[in-house]
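The block underneath contains the structure these notes are about, expressed in structure tokens.
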Amino acid sequence: GAGVSQSPSNKVTEKGKDVELRCDPISGHTALYWYRQSLGQGLEFLIYFQGNSAPDKSGLPSDRFSAERTGGSVSTLTIQRTQQEDSAVYLCASSLAGTGGYEQYFGPGTRLTVT
Amino acid sequence: GEDVEQSLFLSVREGDSSVINCTYTDSSSTYLYWYKQEPGAGLQLLTYIFSNMDMKQDQRLTVLLNKKDKHLSLRIADTQTGDSAIYFCAPGQGQNFVFGPGTRLSVLP
């Protein structure tokens, strides 16, 4: 079956513009994660969705970042008024459950460049 | 919160063994994962170990866990050029996983 897909694969935007990044998780996976990977850095947790529960937004770096997950499937990460420090690869992952012991399946990422 | 550290770079010759080390701070971590990221790709789960285990072997991979010292290692036997990638350790529990900065493994011919 299909894995996790993300679009676009690359996005170049001007500082101050809004961007939307999309994630299509594996069908049936109830948990969905967003991470940010800056050049040479590890993964920075952003937000986590589990079923119909309220998302864990504890990793969002500022109120310019928001995410939603419609119908328990597709998720959109929105960054408003982008800044140069937002440039990074944004990775989405899904898993069968949010509890430990379940593998996270990662998408290929969206590379965001803010000029 | 959890703090995870790894050496950033490791170079080995093809055929040698590679040992990638990871230290963490949260002793309540119940699952400790190793992920591999090849160039331009997302992360893939390589292996994992439960906190009640000391060692896990899976073909060329050996994971060692020292809970007392909060030290995790990944040994790759007979390292091949296809093993060149970034390796992330990720200890955690529940939905809370913290990824280390990753170790870039370069395999020299």
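The values are calculated or read from the model by the stated rules, or taken from the named source; none is laboratory data. The model shown is predicted, which means the values in this text are computed figures rather than measured ones. Cβ atoms come from the backbone with ideal geometry, glycine included; neighbour counts cover every protein chain shown. For accessibility, only protein heavy atoms count, side chains too; no ligands or nucleic acids. Shrake-Rupley method; radii C 1.70, N 1.55, O 1.52, S 1.80 Å.
If you run the Gaussian network model on chain A, springs between alpha carbon atoms under 10 Å, then out of A:Ser38, A:Ser87, A:Ser53 the most flexible one is A:Ser53. Rg and Dmax, both from the Cα atoms of segment B:45-104 and both in Å, are 12.1, 35.
Size descriptor for segment B:1-45, Kirkwood hydrodynamic radius: 13.0 Å (Cα pairs only, one decimal).
Annotation for A:Lys17 and B:Arg13: the two label points, set 7 Å from Cα along the Cα-Cβ direction, are 5.1 nm apart. Using a simple spin-label model with pseudo-atoms 7 Å out from Cα toward Cβ, B:Gln80 and A:Thr76 lie 4.3 nm apart. Per-residue mean of foreign Cβ neighbours for B:31-38 is 2 (Cβ atoms of other chains, 10 Å radius). Is there a simple number for the mean count of other chain Cβ atoms within 10 Å of the Cβ of residues in A:104-114, and what is it? Taking all residues of A:104-114 together, the mean is 3. If you take the Cα centroid of segment B:1-51 and the Cα centroid of segment A:43-59, the two points sit 23 Å apart. Between A:Glu68 and A:Asn10, the contour length at 0.36 nm per residue exceeds the Cα-Cα span by 18.8 nm. Computed over protein heavy atoms with a 1.4 Å probe, the carbon and sulfur contribution to the accessible area of the protein assembly as shown reaches 46%. Build a GNM of chain B with springs between Cα atoms under 10 Å apart, and of B:Leu74, B:Leu45, B:Leu32 the one that fluctuates most is B:Leu45. In terms of overall dimensions, the C-alpha atoms belonging to chain A reach 38, 27, 26 Å along their principal axes, ordered largest to smallest.
Restricting the calculation to alpha carbons of the protein assembly as shown gives Rg and Dmax of 17.6, 51 angstrom. On the beta carbon distance between B:Gln57 and A:Gln83, with R0 = 41 Å, the FRET formula returns roughly 0.35. Per Stokes-Einstein, at 20 °C and 1.002 mPa s, what whole-number D in µm² s⁻¹ belongs to chain B, with the Kirkwood radius over Cα pairs as the hydrodynamic radius? Once the numbers are plugged in, D ends up at 155 µm²/s.
At an R0 of 35 angstrom, the distance between the Cβ atoms of A:Thr113 and A:Ala2 translates into a FRET efficiency of 0.85.
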